[in-house]
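Each remark here refers to the structure printed beneath this line.
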Amino acid sequence: KAGVTQTPRYLIKTRGQQVTLSCSPISGHRSVSWYQQTPGQGLQFLFEYFSETQRNKGNFPGRFSGRQFSNSRSEMNVSTLELGDSALYLCASSPGLAGGETQYFGPGTRLLVL
Amino acid sequence: QKEVEQDPGPLSVPEGAIVSLNCTYSNSAFQYFMWYRQYSRKGPELLMYTYSSGNKEDGRFTAQVDKSSKYISLFIRDSQPSDSATYLCAMTHSGGSNYKLTFGKGTLLTVNP
């Protein structure tokens, strides 16, 4: 089975721009979660989608948004980029049937904001 | 107080050593405990998954959970240079439809040949 894929792998943007990241979950998985990883804060939960609905949300500003499509693929958008948004953005997928399921991570998208 | 505390290291050991990695947590609702391994410039990879208290062994890896002390550990026996990576503890509870994993900041481990 193919793993979680994320595109693009690397991005360079400037302050004020917006960015869209994409995640394709493992086939059959319907839950997609997004995390931000920085050296200072570690891995922090952004949000989780299941069947095109946001089911869980972390403590990030409204500039961070996401969506999920009917094929379970998910996108994450960050508007009005700030220097502090430079991070590795990871998505993880799971079947989505019960809390506490194993989450499988993709390789991440490394975003650099200049 | 952070929900999950993990000593960031770095930890450097000789090949063949026994490695002990630990996390403490404050949220007594956590029931599911995981250890992920993350190589440089890669995504986290699940190593061990434990529900509630107790021990779980998988090859050279042993995970321990002590819910009474809110303390989890990962032991690596006969450590190899290929074990050099960042080790992240993660935990969650099953309340509602909760899919949020709470992570420690990770411990950077180097195993020297």
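Data table
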| item | result |
| --- | --- |
| Condition broken by B:ALA29, with the remaining ones in (1) of a type in the set (Gly, Ala, Ser); (2) free of Cβ contacts under 8 Å to residues at least 24 places away in the same chain; (3) at negative phi satisfied | (2) |
| Where A:SER33 falls short, out of the listed (1) free of Cβ contacts under 8 Å to residues at least 40 places away in the same chain; (2) of a type in the set (Ser, Thr, Tyr); (3) facing chain B (nearest Cβ under 8 Å) | (1) |
| Residue tally, condition more than 24 Å from B:GLN38 (Cβ to Cβ), among the aromatic types (Phe, Trp, Tyr) and part of a strand (DSSP E or B), over the stretch A:36-81 | 1 |
| Number of positions in the stretch B:64-100 that are without any contact (Cβ under 8 Å) to a residue 24 or more places away in the chain, within 15 Å of B:MET34 (Cα to Cα) and either within 14 Å of another protein chain (Cβ to nearest Cβ) or not polar (S, T, N, Q) (or both) | 3 |
| Scope the stretch A:5-26; condition assigned to a loop (DSSP other than H, G, I, E, B) and within 15 Å of A:ALA92 (Cβ to Cβ); matching residues | A:PRO25, A:ILE26 |
| B:GLN31 over 13 Å from the mean Cα position of the chain (by Cα), within 11 Å of chain A (Cβ to nearest Cβ), polar (S, T, N, Q) and surrounded by 13 or more Cβ atoms within 10 Å (Cβ to Cβ) | yes |
| Number of the exception - B:TYR25 against (1) buried (at least 17 other Cβ atoms within 10 Å of the Cβ); (2) under 25 Å from A:GLY106 (Cα atoms) | (2) |
| Top-ranked residue of the stretch A:42-72 - restricted to ones that are among the aromatic types (Phe, Trp, Tyr) and within 13 Å of chain B (Cβ to nearest Cβ), ranked as surrounded by the fewest Cβ atoms within 10 Å (Cβ to Cβ) | A:PHE60 |
| Scope the stretch B:91-113; condition of a type in the set (Gly, Ala, Ser) and either surrounded by 23 or more Cβ atoms within 10 Å (Cβ to Cβ) or at pLDDT 95 or above (or both); matching residues | B:GLY104, B:GLY106 |
| Any hit, the stretch A:82-90, residues being surrounded by fewer than 13 Cβ atoms within 10 Å (Cβ to Cβ), more than 8 Å from chain B (Cβ to nearest Cβ) and within 20 Å of B:SER40 (Cα to Cα) | no |
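Here is a yes/no grid of residues against (1) in a strand (DSSP E or B); (2) among the polar types (S, T, N, Q):
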{"position": "B:ASN27", "(1), (2)": "no, yes"}
{"position": "B:TRP35", "(1), (2)": "yes, no"}
{"position": "B:MET48", "(1), (2)": "yes, no"}
{"position": "B:GLN64", "(1), (2)": "yes, yes"}
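The values are calculated or read from the model by the stated rules, or taken from the named source; none is laboratory data. Just so it is clear, the structure is predicted and the values come from calculations on it, not from any experiment. In this analysis, Cβ positions are derived from the backbone assuming ideal geometry, glycine residues included, and neighbour counts consider all displayed protein chains.
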